[in-house]
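The values are calculated or read from the model by the stated rules, or taken from the named source; none is laboratory data. Note that the structure is a prediction, hence the values are computed from the model and not measured. Cβ: placed from backbone, ideal geometry, glycine included. Neighbour counts: every protein chain shown. Surface accessibility is based on the protein's heavy atoms, side chains included, excluding ligands, DNA and RNA. Shrake-Rupley method; radii C 1.70, N 1.55, O 1.52, S 1.80 Å.
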Amino acid sequence: MPPRGGWGRWSPRTYAQRVDLSVEDRQRLAGDAGPAAQLAMRIVVRLAESMGVDHLLDITGAHVDSCLYHGQSGLDFAGRLVEGGASVAVPTTLNVSSLDLLHPELYRGDEAEGEAARRMAGMYEEMGCQPTWTCAPYHLENRPSFGEQVAWAESNAIVFANSVLGARTARYGDLIDISAAITGRVPASGLHLDANRRATVLFRLLDVSPDLLDLDQVYPLLGTVVGAASGSRVPVIEGLPTALSEVRLRALGAGAATAGSIGMFHAVGSTPEAPTLESAMGGRDPHEVVEVRTSDLRASRDQLCTVSGSALSSVCLGTPHYSVDEFQVVVALLTGRRVHPDVDFYVSTGRSVLAELELRGWADLLRSAGVTLVVDTCTYVSAILADTTGTAMTDSAKWAWYAPGNLGVDVVFAGTSECVESAVAGKVLLDERVWSGV
């Protein structure tokens, strides 16, 4: 941070002893582009120095998670940037807020915290960030193409960008993400580079039937298995059907990023850098081979469930934010039916997807069936659930992973159809036939 007397002028030489900087980088460090750009540049350069990186890369876009209110420090940092005239240098989208900004009546949390979250949201918009408020920026019309260098935060978005789109981003966290957006620069390291994108751990599916692999609910479970065993390594999965849908690849990546710290995975025959196992591994042998059986997937499901029994108070879908394709499944399941009056049914999504639902008439259909559509945030992040003392069902490994700690709620993980059928019946209904013989 600058000295107490003010922002001051800082010598680029002090902060760039070991990093090769462009003329524009040095001008920012010298304060020529204003104090906020100077601070952001110092953060990026310091990060590069701490990683032993000798040069920076240009980026074409950013997705910022710092906009999610976690406390006063984040608000103070955003305020300092705005005070210093911050303006993003590349197209920048925003991750979820701490509340639904379009439907503030849904917020049940502390009023002061809600107001702080609104102020923080305004600051990021003032810096030129797009008010997308979604953890799924890949659902937006403009998304990065293969090989494009970006700075994305939010774990599932990072994995999707690297794995499914073939774009390139490291795992950026709060404060670094907005600094990259302001400077348009990132350290040349990690998954930005070819050498670090090759798989080093191989997951082989054994005795997992084609019928089981045809169920959407298997992919978040597989993701949790892969993430827990991979840590921060890049995994490759062999034995999956080829040409998997984005919905399934997204669910796999979100589960893996939640249970581990991966930023990328390969699925042979489905992800762009893994047409073959050999290409995914760069022609090298794996450091480790992990066999995944049906029993491992069942164990993963059981670990995501914190309670048994039929009592049900809530159903929470949309973590990550639901796509139009996912809503199509829910609409088909709920047409002509209604959620049980004792169950609260929430689906989180982004503003762009909600706009499409409105055009198709699906938003009204879902609301009339008893569904609450949540945008700009997620129900495990924001105080939205009316009842956190009962049991909630979800089809999201990420929601099941975080909600017990964040909300104190008990969770049952299941497939989307099981969640909808349970919501209509007013009690937990699980189809155990899919796990027969395990």
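Suppose we keep only residues that are in a loop (DSSP other than H, G, I, E, B) and open to solvent by 40 Å² or more (accessible area, probe 1.4 Å) within segment 299-315. Which one would you say is nearest to residue 379 (Cα to Cα)?
Here the residue is 306.
When you scan segment 72-93, do you find a residue that is at negative phi and in contact with a His (Cβ under 8 Å, 6 or more places away or on another chain), even just one?
yes
One residue is enough: does segment 348-356 have a residue meeting the conditions among the hydrophobic types (A, V, I, L, M, F, W, C), open to solvent by less than 20 Å² (accessible area, probe 1.4 Å), under 23 Å from residue 312 (Cα atoms) and under 24 Å from the mean Cα position of the chain (by Cα)?
So far as segment 348-356 goes, no, none of its residues is among the hydrophobic types (A, V, I, L, M, F, W, C), open to solvent by less than 20 Å² (accessible area, probe 1.4 Å), under 23 Å from residue 312 (Cα atoms) and under 24 Å from the mean Cα position of the chain (by Cα).
Considering only segment 375-400, how many residues are surrounded by fewer than 24 Cβ atoms within 10 Å (Cβ to Cβ) and in a helix (DSSP H, G or I)?
So the count comes out to 0.
Which of the numbered conditions does residue 318 fail, given that it passes all the others? Conditions: (1) part of a loop (DSSP other than H, G, I, E, B); (2) closer than 23 Å to residue 97 by Cα; (3) open to solvent by less than 30 Å² (accessible area, probe 1.4 Å).
That leaves (1) as the condition not met.
Just the residues that are open to solvent by 10 Å² or more (accessible area, probe 1.4 Å) and part of a helix (DSSP H, G or I), please, taken from segment 133-163.
139, 155
Look at residue 334 and say whether it is within 15 Å of residue 237 (Cα to Cα) and buried (at least 21 other Cβ atoms within 10 Å of the Cβ).
no
Can you list the helices (runs of 4 or more DSSP H) found entirely within segment 174-275 that contain at least 1 residues being touching a strand residue (DSSP E or B) at 6+ places or on another chain (Cβ under 6 Å), crowded, with 24+ Cβ neighbours inside 10 Å and of a type outside the set (Phe, Trp, Tyr)?
In segment 174-275, the matching helices (runs of 4 or more DSSP H) lie at 176-183, 218-230, 246-259.
Residues being surrounded by fewer than 19 Cβ atoms within 10 Å (Cβ to Cβ) and in contact (Cβ under 8 Å) with a residue 24 or more places away in the chain: count how many of those fall in segment 111-121.
3
Name the single residue, out of those in segment 276-298 being in a helix (DSSP H, G or I), out of contact with any Asp or Glu (no Cβ under 9 Å at 6 or more places or on another chain) and open to solvent by 20 Å² or more (accessible area, probe 1.4 Å), that is nearest to residue 147 (Cα to Cα).
Result: 278.
In segment 61-91, how many residues are within 18 Å of residue 151 (Cα to Cα) and in a loop (DSSP other than H, G, I, E, B)?
Residues meeting the conditions: 11.
Step by step: first the residues of segment 62-95, then only those that are touching a Ser or Thr at 6+ places or on another chain (Cβ under 8 Å) and open to solvent by less than 10 Å² (accessible area, probe 1.4 Å), then the one that is farthest from residue 129 (Cα to Cα). Which residue is that?
78
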